[in-house]
Amino acid sequence: MAVSGGQKFFHSLILLFLCIGIYTVRFDTEEDKCVMTYMYEYPQYAKVPLDPNIESAFSKYNLYLYGEGQYFERVKNLQLHGVPVLYIPGHGGSYKQARSIGSVLLWKNIHKPGVNHFNVFTVDLNGELVGFYGGTLEAQTHFLHFCIQKILSLYTADPRPRSVAVVAHSMGGIIARGVFTLPHFDPRSISTIIMLATPNLSPVINVDKYIAEYYEKVNCYWLVHAAGLKDVSIVSIGGGPRDYQVPQAITRLPLNSSKNTYSTLATAVPKVHVSTEHQTIVWCNQLVLVTARFLVDMLSTDTKQLTSDVTKRTRLMNYHFRQNPGSGVIPKSDSPRKVRLSPTYHWSEVDEYFWSFDKDAAGQGTYFTFSIDKLVETNSPNFVSRTDSKREKWIIACKMDKGSKCTEGFDLSGQAFSTPKYRIIHLDLVELKEQGFTQIIYPMTKSSPTKVLDVNSLSDLEKITTVPVPHVFSNLWTWNKGYLFDITDDTSTSRFYYQIKLDGFQNIYQAFKLTAHGSFETQHLRVQVPWDDGQTIYAENSVVASLHSIPMNMNQSVVLHVYSDSSDPLSLEVKVDFFQVLGGIVRNLGVSLPVYVLANIIQTFMFQLNQVQAGKPCYAIVDAVEVTSKPYKVQPFMSMLKAVYFKPTFAAIWAVSMLPRPDMIILEQDNQQWFNFAPLFLFLFATELFAVIRVILTLVMLLVSPILFRLYKLPYVGSLKDSSMVKFILHSLVLAVCTSKCSSFAFLYMFIASFLNVCFLKKTALLNPAKKPPLPEKQSDEAQPSDLEVKDGEPQDGSEGNAEPAGATGDKQSDDDGSKVEESKKERPITNEPDRTSPEEDCFSVNCILLHLWLWLFLFSLPSLGVLIINFRAEMKLPRDPLILQATIASLLFIIQSMFPGYDGIKTSKLRLLSWFKFPIMVLMVVFSSHSLHRAPWFILAYLGLHTVTQII
């Protein structure tokens, strides 16, 4: 059965979309704007000795103290009097990564009299790949506990530290949270955790059961004991779009609603506003400086140690990582500070709704005032102001009595936020009026360095412009041109602020390029996600906006704030960024592709076996995929399950069944990355990925098959191959040894053995093609009389009355031979069934698709093999193998299948009804393994088990 041109075009298009998505995630990101952090002097590390029993139990792990120059000479004997900070590396990380934060912290306070300095410790965790293999997570957690105890014991002189501040990268952040689950750990010994690019919600690749169990234990503990852990301040910072290794959505904390925790991205952190790669985030100078300032500001003037005041820590956390007013002065409380107003300043009331500061009008000292009552009465309560001034107290509110001037006011500058160019404040004048305030005051002088001070007071209608976002496929009929919307009005030439509601921008798969068109001046853009401050984006003139997570049933839309440097007419172009749409699907849901590839494989395998059981010819694998591998066999079940899952009755039944939550519910509720048509896109992408894998295996087969077939022709080799006893002994011994070392070795052996067998079957099938049925032929005039049909005693063909002259016989014979094929085509009925196949060809087709199941079993175990080679190559044995049981079962099934290589038993099996369970297995695999990949091998084994049983019984 040939694939039509339309089908080829469709598959090529989907494959192109998949490649675009992968390219976008990996390469199509903003340029790297991070500045390298350099050391002031050569970094050195002093090993901290631990208890001999601990060193013996954790011989691969170590604890070091970071230092430079003369400071290192003073502290290498471990006589310490500073503030302890502990750095924890992550997946494959090095303890030497502490040098960036260590060097900056060291030189922050080392020359300041009366201020304590920092002692930065760092943990050597042997560079273990704990993002792939969770067998050592518990050991690392216990070692971290001992390290914290040791660090605090090094300080003997008062004031002694009672807690340690932790800076953790990647999986180190999970270990830092995991130490709280230990029964004898004192939660007061860690006061603050700063996590850099840590996958908090779930593993990046959930392919290891030990990682899954560890995450479940840690996240459940923090949710259940949130009240008891309220004194621990946690900041989680994701890298942003450039971090293609850890999606931004899973860097959020599961307890993000707590006041003492905050999740954000580097692009939203004040004074950073850059995206970082996964490793870059450790040394990105902009972020390192913010982190160092946060730790320095937490020092208590009384104890010379990190403050134990949780309220102060929370206020500092908000100041440095969420909303920095830009004045350099840290507010001491959440309430505005009182300020004295100068009696010598001139008072100048401004009656304009759109006003810009003019230095010539300031004089020696002027208070420019705006009446709150007048602005509210004229329905202009939305007050927006910006300035380039770096000083504090640049905007004040006061309560003025009639006939008098204010003598004191309240500093509102702490409510502003800083952008790369301006400090901006948004005020609700109705709310200020309810608090008793009457005036907004700007104290200015002619000599003030302020160049920009603008005010816009807008009505509710003027404040928000609603722009509907186009459909995700709108580029197809606009020829990649965006939609242009005018957003300016003619009310004033001094308006600089526009708020645009992007109506309909509330789906995880959407991505838009937003471009503000105006004069040649710069347009400053701020993309605000109402439900998550951490997704805020700052840009100039143009920005690509997408959502990394969205809560269920969210009906709010993204808001774009435009701060223009000119008052010229402004328009907004909204264009779907289709590359980013595809990149978002791959970034957020790409880890689910293996399960959907398996769904393609199992659908194809079921179809092939049904053909064998029915005694019909087997399709070639390419044709079988085209016939049977359809997304409508998966999507409806996912949609129906989601529709009924939250119904009370169904939820109660599900709870009683003790089944885990469906993975799509986890992705939607916890990770907030799911959308309704995700299974459709994933299935289509997986179909093309399956095709690429088939092509690669086929090319390798073409190279190996001739060599292998010649090898089997050697004396004794062929007989040994056909000996069931030899295969049983060989496979049993090799698999026993491989499984004892690492399950991945066993899966690799089974894949290689299956691959070699398929290569041999391919050559055998080529040498033993099926005999084609004879084509119907017309009888020639030279046929014998016995071959002729006789009717009423007269010959019907070749009779004397119809005989041709001798000279014409050759020409007629040639004409008959030339027309045989055309006549046979007319006489043969057209059917979708393949041509007749031989048993050898059927055996090759079935084994070829079976080979892909063995391949994916090996691929699921590949992370364990990488960990063994990198971290445990000296022992050549994985301590806690996550797939040891699966490998044992797979070995038994493989040996049984090798003993019964044919498929005659399937046709006459007494258990043919078991085939009805194969489709539910595929559906359950998609439901429960789309995110929890560590469950997928069990479904493969269940399918192989059913297949093996029907093969032998």
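Taken together, the values in this text are just the output of simple stated rules run on the coordinates, not laboratory data. All of these numbers come straight from a predicted model, not from anything done at the bench. Cβ sites come from the backbone with ideal geometry, for glycine too, and all protein chains shown count toward neighbours.
Annotations
- Fraction of alpha-carbon pairs over 25 Å apart in segment 337-458 - percent: 15 percent
- Straight-distance crosslink candidates among lysines, where the alpha carbon sits under 21 Å from LYS501 and sequence neighbours closer than 8 are dropped: LYS463, LYS481, LYS513, LYS575
- Distance from segment 154-216 to segment 432-474 (C-alpha centre basis), Å: 42 Å
- Cysteines in the chain that lack a partner Cβ within the 4.7 Å cut-off: CYS19, CYS147, CYS220, CYS618, CYS738, CYS742, CYS759, CYS843, CYS848.
- Expressed as a fraction of 2.2 N^0.38 Å, the C-alpha radius of gyration for segment 256-360 is 1.46.
- Rounded to the nearest 500, the 222 nm mean residue ellipticity of the chain from helices alone is -13000 deg cm²/dmol, with -39,500 (n - 2.57) taken per DSSP H run of at least 4 residues.
- Relative to the longest principal axis of the Cα atoms of the chain, the long axis of helix 593-613 lies at roughly 20 degrees.
- The tail of the calculated P(r) for segment 43-321 beyond 24 Å holds 45 percent of all Cα-Cα pairs.
- Entries in LYS271/LYS421; LYS332/LYS451; LYS713/LYS763 that, when Cα-Cα distance is taken, lie over 21 Å: LYS332/LYS451
- The orientation-averaged projected area of the convex hull spanned by the Cα atoms of segment 639-745 comes to 12.4 nm².
- With respect to the chain, whose longest principal axis is taken over its alpha-carbon atoms, helix 635-645 is tilted by about 50°.
- Amide H contacts of LEU306 (H built 1.01 Å from N, in plane; Pro and chain starts excluded): SER300 sit under 5 Å, all sequence-distant by 5 or more or on other chains.
- Extension gain for LYS481 to GLN364 (0.36 nm times residue separation, less C-alpha to C-alpha distance): 36.8 nm.
- Derived scalar couplings between HN and Hα for segment 290-304 equal 5, 4, 5, 4, 4, 5, 5, 5, 7, 5, 8, 6, 7, 8, 6 Hz in order, rounded to whole Hz, by the Karplus curve 6.51 cos²θ - 1.76 cosθ + 1.60 (θ = phi - 60°), x for Gly and Pro.
- Distance between the C-alpha centres of segment 537-589 and segment 81-124: 38 Å, rounded to the whole angstrom.
- Separation between Cα centres of segment 658-717 and segment 253-293, rounded to whole Å: 37 Å
- Working from the Cα coordinates of segment 461-576, the gyration tensor eigenvalues give, after taking √(5λ), semi-axes of 23, 17, 13 Å in decreasing order.
- J(HN,Hα) series, segment 46-56, from Karplus relation 6.51 cos²θ - 1.76 cosθ + 1.60, nearest Hz, glycine and proline x: 9, 6, 9, x, 10, 4, x, 5, 5, 5, 6
- Percent RCO, i.e. relative contact order, over the chain, from Cα pairs under 8 Å lying at least 6 residues apart: 11 percent
- Partner lysines for LYS217 [C-alpha distance under 21 Å; skip if fewer than 8 residues away on the same chain]: LYS209, LYS230
- Bridging of LYS433 to lysines at a Cα separation below 16 Å is possible for LYS374, LYS399, LYS402, once same-chain residues fewer than 8 apart are set aside.
- Surface/4 of the Cα convex hull for the chain, nm²: 57.9 nm²
- Each residue of segment 381-392 was assigned a 3J(HN,Hα) from its phi angle through the Karplus expression (A = 6.51, B = -1.76, C = 1.60, θ = phi - 60°), giving x, 8, 9, 10, 9, 9, 7, 9, 6, 9, 7, 7 Hz with x at Gly and Pro.
- On Cα atoms only, tilt of 209-224 relative to the major axis of the chain in degrees: 30 degrees
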